[in-house]
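The values are calculated or read from the model by the stated rules, or taken from the named source; none is laboratory data. Keep in mind that this is a model prediction, so the values were computed, not measured. We work out accessible area using only protein heavy atoms, side chains counted, and drop any ligands, DNA or RNA first. Shrake-Rupley method; radii C 1.70, N 1.55, O 1.52, S 1.80 Å.
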Amino acid sequence: MDKVIPVVVIKELEQTEPTLKALKDGGVNCAEITFRTACAESAIKLGVEKFPDMNIGAGTVINLAQAKKAFNAGAKFIVSPGLSVSVAKFCKKKNIPYFPGCVTPTEIMQALELGIEIVKFFPANIYGGLKALKALSAPFPQIKFIPTGGVDLTNLTEFLEFDKVYAIGGSFMMKGDIVENCKKINELLNK
């Protein structure tokens, strides 16, 4: 899995190819296309078709129907803002990685009961950021986190230096020049 998971909102299907190409040109080979728009399913399908070597997944998946659509469109992973038992069971059955949003000990325990050891920590800035991740790691040493929300170029390396951070997610690289933003990310990662 990539260390950076861009949260990508595709509003018009025509944006799919240029957006994914920009990420790739900047050296980021991953995209979490969100189910916030009507064309999300089609964008995932097109992205997987046109960029078969990219790690393209579905984000903001909040129910089983969306999970099925994402899977059928070819998503390579599924991310939710919270934890859905039905989505977790579906993903396990289909052998597709599922990263549910979990920020409390109770949610993390529920994820563990479902066999999930990598969770999205969202919104990271609201729920205590790196300090919270370090505190939660003590009772849950087997858990890895994908902090999303409030992670950007100013604190990216700080998050990734913590061994319990699996990857970081966010939309900060999607604002402005995507290629240049991704190049800056790679510069930080390669320091």
Please compare each pair in Lys69/Lys183; Lys68/Lys175; Lys45/Lys94; Lys50/Lys94 to a cut-off of 25 Å on the Cα-Cα distance and tell me which ones are over it.
Lys69/Lys183; Lys68/Lys175
Pull up all non-local amide H partners of Cys30: gap of 5 or more, or a different chain, and H-to-H distance under 5 Å with H placed in the peptide plane.
Asn55
Which value in deg cm²/dmol, rounded to the nearest 500, describes the helix-derived mean residue ellipticity at 222 nm for the chain, given -39,500 (n - 2.57) per DSSP H run of n ≥ 4 and division by the residue count?
-11500 deg cm²/dmol
Please list, ordered by chain and number, the residues whose modelled amide H lies under 5 Å from the amide H of Lys120; skip anything fewer than 5 residues away on the same chain.
Gly101, Cys102, Ile146
Computing the accessible area with a 1.4 Å probe over protein heavy atoms, can you report the carbon and sulfur percentage for the stretch 47-134?
55 percent
To the nearest 10 square angstrom, how much accessible area does Tyr166 have with a 1.4 angstrom probe?
60 Å²
May I ask you to derive the relative contact order of the stretch 1-84, considering only C-alpha pairs under 8 Å and at least 6 residues apart, and to give it as an integer percent?
27 percent
Using 0.36 nm per residue, how much length does the chain from Leu189 to Asp177 gain when fully extended, once their Cα-Cα distance is taken away?
2.5 nm
Mean separation of Cα contacts under 8 Å (6+ apart) over length of the chain, as relative contact order %
21 percent
Accessible area per residue, 1.4 Å probe, Å², for the chain: what's the number?
47 Å²
Please tell me the relative contact order of the stretch 38-145 in percent, rounded to the nearest whole number, where contacts are Cα pairs under 8 Å and at least six residues apart.
19 percent
Sorted by chain and number, the residues with a modelled amide H under 5 Å from that of Ile168, at a separation of 5 or more or across chains, are Val4, Ile5
Partner lysines whose C-alpha sits under 21 Å from that of Lys134, ignoring same-chain residues fewer than 8 away, are Lys3, Lys120, Lys144, Lys164
